[in-house]
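One structure below.
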Amino acid sequence: MTPYQALRTKTVLGLLDKFPNTPSRTLARICYRDNPELYKDEDDVRLIIRRYRGANGEKNRKKLKNKKYVRYTKQSI
């Protein structure tokens, strides 16, 4: 992971720690508003948030090493 990617990830994970129950789109807006130099647009941030929340599909959820932020599983639906 490059330092640039690590900074992007650290920023998103910090927001997920601070606001665990906030919707992904709202977090993406906050993150992009505060750090426009790190992301292409709000959707770029939202995709990273969804990846860490496990909302990008079962296949990607299985690959996820840090499951602390996962909200969506088959058992909870």
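Sort out for me the helices (runs of 4 or more DSSP H) sitting completely within the chain that have 1 or more residues that are modelled with pLDDT of 90 or more.
Here the list reads 3-18, 24-34, 42-53.
Inspect all residues belonging to the stretch 70-77 and state whether any of them is surrounded by fewer than 11 Cβ atoms within 10 Å (Cβ to Cβ), free of Cβ contacts under 8 Å to residues at least 40 places away in the same chain and of a type in the set (A, V, I, L, M, F, W, C).
Yes: the stretch 70-77 contains one or more residues that are surrounded by fewer than 11 Cβ atoms within 10 Å (Cβ to Cβ), free of Cβ contacts under 8 Å to residues at least 40 places away in the same chain and of a type in the set (A, V, I, L, M, F, W, C).
Looking only at the stretch 31-64, which residues are farther than 21 Å from LYS18 by Cα and among the polar types (S, T, N, Q)?
ASN56, ASN60
Could you tell me how many of the residues in the stretch 16-42 are crowded, with 16+ Cβ neighbours inside 10 Å and in contact (Cβ under 8 Å) with a residue 24 or more places away in the chain?
4
The values are calculated or read from the model by the stated rules, or taken from the named source; none is laboratory data. Quick caveat, the model's predicted, so the values are computed rather than measured. Reconstructed Cβ throughout: ideal geometry from the backbone, glycine too, with neighbour counts over all protein chains shown.
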